[in-house]
Amino acid sequence: LLTLRHVGTIAVPGRGHILSLLIDREFAFVRADSADYRLTFDSRDWVRLQTTQQYEPIGIRFGADGRIELVDGKTQSIIVLYASGRVDSVS
Amino acid sequence: LTLPFDATAAAPLNSGWLVGGNRTPQLFQAFFVSHDTAPQLFLSYSSASDRARFRLTVARNAAIIATNAVYPFETLAISSTRAVDTLTTLDYDGNEPDDFARREGVFSLPAVPLDCGYLQMLVDVRSDERRVILLTPDGHVNRRMKLFAPLGLVGAVGVDRLLGVLTAGRYSDIVEFAIAGPCQSSPGPE
């Protein structure tokens, strides 16, 4: 038995894909085809993280300190995004 | 990342990452990568498929689950001690009268870890036809369901909710399913 609830709507121009992940009890979607990364937490609202780069994340996790770490398939590197806007790249 | 392949899949493992890719069309490899050490070969797996495409997800017990997107859709459980179990291979021989799994254009989404096992979804990208397969923790098929919807089930939240993506034109809806008794066994398929 399934009960359906609408959480949100996202645009998917072209063949952009959505990467999904599970962190603790929260779930996030990352758009891989946009300079914007839209992250959803629970179902209440969008939390948006602005970036100036386009990444193709193939793996992602959230740190306890609020930072987001992703493995970028495009640059083949580990990218660390901080809430302050600082970006570290580990090639 | 200095790896002998293009990284196509990654999942967090301990303080680092398990990063995987194809060494050859059949051979999937994964390296443990961290900020502190050089990449270490963690896994080599030769697929029955000649164009393997594995994706990595984190299971409830912190193991890594590798799912081959293409036939025969192997699902592997990889422990932090590098032990690898082939959980299942969804070849459906003798079970699917319409041979759905062997159709061109049918792919598997990454297995979704549940408290009672795993959910694996086969998607026909040329139609709305789907198969939802509920696997026990050791990889046996517990239930399978056929449905027709432009839907992909991509993750679980807590113990009783699934998240999916419904595609409609240029937009996709994120939907949440509340599940009643997701882990109860069923006497028969579909």
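Check whether at least one residue in region B:43-58 is closer than 28 Å to residue B:158 by Cα, modelled with pLDDT under 90 and crowded, with 22+ Cβ neighbours inside 10 Å, and report yes or no. For region B:43-58, residues closer than 28 Å to residue B:158 by Cα, modelled with pLDDT under 90 and crowded, with 22+ Cβ neighbours inside 10 Å: present. Total residues in region B:107-128 satisfying the condition of being in contact (Cβ under 8 Å) with a residue 24 or more places away in the chain and either within 14 Å of chain A (Cβ to nearest Cβ) or surrounded by fewer than 19 Cβ atoms within 10 Å (Cβ to Cβ) (or both): the figure is 14. Does residue B:168 count as surrounded by fewer than 19 Cβ atoms within 10 Å (Cβ to Cβ), over 30 Å from residue B:79 (Cβ atoms), touching a Leu at 6+ places or on another chain (Cβ under 6 Å) and not polar (S, T, N, Q)? When the stated conditions are applied, residue B:168 does not pass them.
From the set of residues in region B:1-21 that are touching a residue at least 40 places away in the same chain (Cβ under 8 Å) and assigned to a strand (DSSP E or B), which is nearest to the other protein chains (Cβ to nearest Cβ)? Residue satisfying both the conditions and the ranking: B:10.
The values are calculated or read from the model by the stated rules, or taken from the named source; none is laboratory data. Since the structure is predicted, the reported quantities are computational estimates derived from the model, not experimental observations. Cβ: placed from backbone, ideal geometry, glycine included. Neighbour counts: every protein chain shown.
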